[in-house]
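Participant: One structure, pasted below without further comment.
The values are calculated or read from the model by the stated rules, or taken from the named source; none is laboratory data. Since the structure is predicted, the reported quantities are computational estimates derived from the model, not experimental observations. For neighbour counting, all protein chains shown are included, and Cβ atoms are generated from backbone atoms with ideal geometry for every residue, glycine included.
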Amino acid sequence: MNDNQAHILVVDDDKRLRELLHRYLSDQNLRVTTAADAEEARSKLSGLEFDLIVLDVMMPGESGYDLARWLRQQERQIPILMLTAMEEVESRITGLESGADDYLSKPFEPRELILRINAILRRSSQVQAAGSADKVFFGGFSFDLARSELRRGEAYIHLTAVETCLLKALAESPGVPVSRDRLADASPEIGNQRSIDVQMTRLRRKIEPDQKTPRYLQTVRGTGYVLMPD
């Protein structure tokens with residue numbers, strides 16, 4: 001076994017698809033473990049370390065959304081690629097709010113799956129490297145932690161004091177959900193949790209190309225927010 005291989009957990013109740021994905025991903029130089037449902041996935045997660053989870057939404061018992069939420073509540077930051085037979089925008093939003101990093105609609109081309117997996121793994125390694133960096137980069141923006149400055153290219157983006165506190169709290173732990181309580185502690189001016197949501201909406205206006213489906217300042221349902229760098 002190659003120690004440099006990324007370890008993928010595939011969770012899907014469709015036995016045929018599990019076996020197909022196991023063979024295909026193994027052929028792509030990935031180490032693959034499979035689980036038929038959320039219960040079996042939890043068992044595998046308790047004893048093994050994974051670099052990414054490929055997670056089906058519609059499963060008997062607990063759904064993929066449920067398992068993703070549980071993982072985030074446990075503060076497990078394993079990247080999740082969610083598989084869904086539903087193409088509606090609402091299902092995508094639900095998946096992202098549950099803690100998924102990306103989603104892919106069934107049926108899908110195996111080549112697209114491996115491209116998505118590689119992109120997430122690459123982004124995950126950048127997130128880990130960014131944790132000790134002086135700057136965090138996302139969507140053409142850079143946030144200087146030492147100066148508390150946001151720039152797009154060379155252009156300076158004005159932030160209010162509250163917006164700066166929020167963004168700095170998120171940028172200090174890129175890719176890691178930050179609770180509303182912790183965000184509230186970041187600045188006395190923020191106030192209650194409702195104020196945080198209002199301030200986050202204002203901050204998104206300056207950063208997100210589409211505020212309805214935020215790419216960088218994502219909501220983590222039941223927790224708070226997370227900054228996802230490129």
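Participant: In the range 1-16, what residues are touching a residue at least 24 places away in the same chain (Cβ under 8 Å) and either closer than 16 Å to residue 112 by Cα or not in a loop (DSSP other than H, G, I, E, B) (or both)?
Facilitator: Of all residues in the range 1-16, those touching a residue at least 24 places away in the same chain (Cβ under 8 Å) come to 1-2, 5-14.
Residues satisfying the conditions are 7, 8, 9, 10, 11.
Participant: Okay, moving on. Scan 186, 161, 169, 155 and give me the residue that is touching a helix residue (DSSP H, G or I) at 6+ places or on another chain (Cβ under 6 Å) and more than 24 Å from residue 98 (Cβ to Cβ).
Facilitator: On the way: 161 fails: touching a helix residue (DSSP H, G or I) at 6+ places or on another chain (Cβ under 6 Å); 169 fails: more than 24 Å from residue 98 (Cβ to Cβ); 155 fails: touching a helix residue (DSSP H, G or I) at 6+ places or on another chain (Cβ under 6 Å).
Result: 186 is the single residue among 186, 161, 169, 155 that is touching a helix residue (DSSP H, G or I) at 6+ places or on another chain (Cβ under 6 Å) and more than 24 Å from residue 98 (Cβ to Cβ).
Participant: Among the residues of the range 180-189, is there at least one that is at pLDDT 85 or above and either surrounded by fewer than 19 Cβ atoms within 10 Å (Cβ to Cβ) or in the same structural domain as residue 70 (by TED's automatic domain parsing) (or both)?
Facilitator: The answer is no, given that none of the residues of the range 180-189 is at pLDDT 85 or above and either surrounded by fewer than 19 Cβ atoms within 10 Å (Cβ to Cβ) or in the same structural domain as residue 70 (by TED's automatic domain parsing) (or both).
Participant: So which pairs qualify, if the first residue must be in the range 196-207 and closer than 14 Å to residue 139 by Cβ, the second must be among the small types (Gly, Ala, Ser), the Cβ gap must be under 9 Å, and the two must be at least 6 apart or on different chains?
Facilitator: Going by the 9 Å Cβ cut-off, the qualifying pairs are 207/139.
Participant: Also, quick follow-up: Within the range 2-32, count every residue that is surrounded by fewer than 18 Cβ atoms within 10 Å (Cβ to Cβ) and either among the small types (Gly, Ala, Ser) or within 15 Å of residue 79 (Cα to Cα) (or both).
Facilitator: Matching residues across the range 2-32 total 2.
Participant: Residue 133 passes all but one of (1) buried (at least 20 other Cβ atoms within 10 Å of the Cβ); (2) modelled with pLDDT under 85; which number fails?
Facilitator: Result: residue 133 fails condition (1) only.
Participant: For the range 34-61, enumerate the residues that are among the charged types (D, E, K, R), crowded, with 16+ Cβ neighbours inside 10 Å and over 23 Å from residue 4 (Cα atoms).
Facilitator: 37, 42, 56
Participant: Same structure again: Take residue 220 and decide whether it is crowded, with 20+ Cβ neighbours inside 10 Å and in contact (Cβ under 8 Å) with a residue 12 or more places away in the chain. Break it down stepwise before answering.
Facilitator: Working: crowded, with 20+ Cβ neighbours inside 10 Å: yes; in contact (Cβ under 8 Å) with a residue 12 or more places away in the chain: yes.
Yes.
Participant: Anything in the range 214-227 that is over 12 Å from residue 201 (Cα atoms), part of a loop (DSSP other than H, G, I, E, B) and not small (Gly, Ala, Ser)? List them, or say none. So that I can check it myself, show each step before the final result.
Facilitator: Of the residues in the range 214-227, the ones over 12 Å from residue 201 (Cα atoms) are 215-216, 220-224, 226-227.
Still in the running and part of a loop (DSSP other than H, G, I, E, B): 215-216, 221-223.
Result: 215, 216, 221, 223.
Participant: Another question about this same structure. Residue 75 - would you say it is outside any loop (DSSP other than H, G, I, E, B), modelled with pLDDT under 90 and closer than 24 Å to residue 224 by Cα? Outline the logic, then answer.
Facilitator: Values: outside any loop (DSSP other than H, G, I, E, B): no; modelled with pLDDT under 90: yes; closer than 24 Å to residue 224 by Cα: yes.
Answer is no for this residue.
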